[in-house]
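Notes follow once the structure below has been shown.
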Amino acid sequence: MPPDRSTLFPAAPARPSRRVCLGAGLAAAATLVAPGVLSQPAPVLLRLSHVVAPDTPKGQMAQHFQALVHERASGRIRVSVYPDSSLWGDDDEMEALRLGAVEMLAPSLSKFGMAGVPEFEVFDLPYLFTDLAQVRRVTQGAVGRELLQRLGRQQMLGLGYLDNGFKQMSAHRPLRQPSDLEGLRMRVQAPGVLEAQMQAWGAQPIVLPFAETQRALSSGLVEGTENPLSNFLTQGLATWQPHVSLTRHGYLGYAVVANPRFWNSVPRADRAVLTTALAEALAHGNRLSAELDRQALHQLRQTPGVQVHDLSDAERAALRQAAQPVHAGLRQRLGAGLVDAVHRALAAG
Ligand code: SIN
């Protein structure tokens, strides 16, 4: 189905001609006599737009959600999934959600800062988490719940979290230590912590929408990237980036958000179907994320022309050490409360 962007910028309604009025009258009459039509309300349409490929944790979560809803609310709710920025991209998806031109999104946590909820930048702090179990302690606890609630300030209903995984870096040379990043133009997905992190390593961060990364690499606008491997692989970035360094320097995850007016307009029983299906789809995506990461690593190691570099603990420690000012910077910008609450959640595990 072609994307319908017209709802954001509706054209002024033209004065209907007599012919149109007549046609509409006949159509209405036909509707009146069609058997069974009046008793069946039109299905609720839920458009779920995202920016990555179907074969990623987010893409798989979205497809699973669609399948579950269609199985359980067949004929009452229709879910249309738009992957690969085919409906909305990073630049406009949150505005589209607020305006009702899409019903559901799953932006990366890093991007909520640009939408006025900078607290989510805490997830971007380099080397904050060592594994996904640690991430869960934050997302599934009081901090995670409070952050989802804060999305309400920006007319978004936060419904749950999804992992992609840990980010690695790519370039035309191995990136093992801060000096390897010196002067490199590195694409990042959002300003704030991610920019500060690249600056701490001597690189020059360039904020770009995900969909523009490949073109920016091919034109030389950017010289390096950071992302979990499933994103790197499915965007075909290996064509431009022969060196992948397993820096594991940060976490990338998502929050699923809905337009609250849409959500509240869904009949209660169907809203329950959506809620349960989404919880199951998120669990499905979270189960898959580590496996898709392993598969992508395996595939990249087999890709001719691509070299994958494992880093030693000492090399990771040097990157981590150089990025410490970024932690202090966020604490100063957002106040110590949030960062301390995250550290308490991590320590409690
Ligand atoms: C995503 O995984 O949704 C995109 C991440 C990025 O923009 O780098």
message = Taking the criterion of being buried (at least 23 other Cβ atoms within 10 Å of the Cβ) and within 27 Å of Gly220 (Cα to Cα), would at least one residue in the range 130-139 satisfy it?
response = no
request  = Select from the range 147-194 the residues that are under 23 Å from the mean Cα position of the chain (by Cα), assigned to a helix (DSSP H, G or I) and touching a residue at least 24 places away in the same chain (Cβ under 8 Å) and list them in ascending order.
outcome  = Leu147, Leu148, Arg150, Leu151, Gly152, Arg153, Gln154, Val193, Leu194
Matching residues, the range 89-111, being within 12 Å of the ligand (Cβ to nearest atom) and touching a strand residue (DSSP E or B) at 6+ places or on another chain (Cβ under 7 Å) = Glu93, Leu105, Ala106, Pro107, Ser108, Leu109
ask   = Out of curiosity, is Gly253 modelled with pLDDT of 95 or more, outside any helix (DSSP H, G or I) and farther than 24 Å from Ala190 by Cβ?
value = no
query = Would a scan of the range 210-224 turn up a residue that is part of a strand (DSSP E or B) and within 13 Å of the ligand (Cβ to nearest atom)?
reply = yes
note = Within the range 176-194, residues within 16 Å of the ligand (Cβ to nearest atom) and either touching a strand residue (DSSP E or B) at 6+ places or on another chain (Cβ under 7 Å) or within 12 Å of Gly224 (Cα to Cα) (or both) come out as Arg185, Met186, Arg187, Val188, Gln189, Ala190, Pro191, Leu194
request  = Please name all residue pairs, on different chains or six or more residues apart, with Cβ atoms under 6 Å, provided the first residue is in the range 291-304 and is hydroxyl-bearing (Ser, Thr, Tyr) and the second residue is part of a helix (DSSP H, G or I).
outcome  = Thr303/Ala238
ask   = Among the residues of the range 299-324, how many are loosely packed, with under 14 Cβ neighbours inside 10 Å and out of contact with any His (no Cβ under 9 Å at 6 or more places or on another chain)?
value = 11
remark   = By residue number, the members of the range 68-80 that are surrounded by fewer than 20 Cβ atoms within 10 Å (Cβ to Cβ) and either out of contact with any strand residue (DSSP E or B) (no Cβ under 6 Å at 6 or more places or on another chain) or β-branched (Val, Ile, Thr) (or both) are His70, Glu71, Arg72, Ser74, Gly75, Arg76
ask   = So is Arg215 of a type in the set (D, E, K, R), crowded, with 22+ Cβ neighbours inside 10 Å and closer than 23 Å to Glu95 by Cβ or not?
value = no
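Conditions tested, residue by residue: (1) assigned to a strand (DSSP E or B); (2) closer than 23 Å to Tyr251 by Cα; (3) among the small types (Gly, Ala, Ser).
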position	(1), (2), (3)
Met61	no, yes, no
Val81	yes, no, no
Trp88	no, no, no
Met114	no, yes, no
Phe120	no, yes, no
Phe123	no, yes, no
ask   = Could you say whether any residue in the range 195-211 is β-branched (Val, Ile, Thr), crowded, with 23+ Cβ neighbours inside 10 Å and touching a strand residue (DSSP E or B) at 6+ places or on another chain (Cβ under 9 Å)?
value = no
task = List every residue pair whose Cβ atoms lie under 6 Å apart, where the two residues are 6 or more positions apart in sequence or sit on different chains, the first residue falls within the range 84-111 and is closer than 20 Å to Leu282 by Cα and modelled with pLDDT of 95 or more, and the second residue, located anywhere, is among the charged types (D, E, K, R) and more than 14 Å from the ligand (Cβ to nearest atom).
result = Val102/Arg47; Glu103/Arg47
query = Which one is farthest from the ligand (Cβ to nearest atom), of the residues in the range 195-209 that are in contact with a Gly (Cβ under 8 Å, 6 or more places away or on another chain) and in a helix (DSSP H, G or I)?
reply = Ala196
message = So for the range 235-242 (the condition being within 16 Å of Lys167 (Cβ to Cβ), part of a helix (DSSP H, G or I) and touching a residue at least 60 places away in the same chain (Cβ under 8 Å)), does at least one residue qualify?
response = yes
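The values are calculated or read from the model by the stated rules, or taken from the named source; none is laboratory data. The structure displayed is predicted, hence computed values, not measured ones. For neighbour counting, all protein chains shown are included, and Cβ atoms are generated from backbone atoms with ideal geometry for every residue, glycine included.
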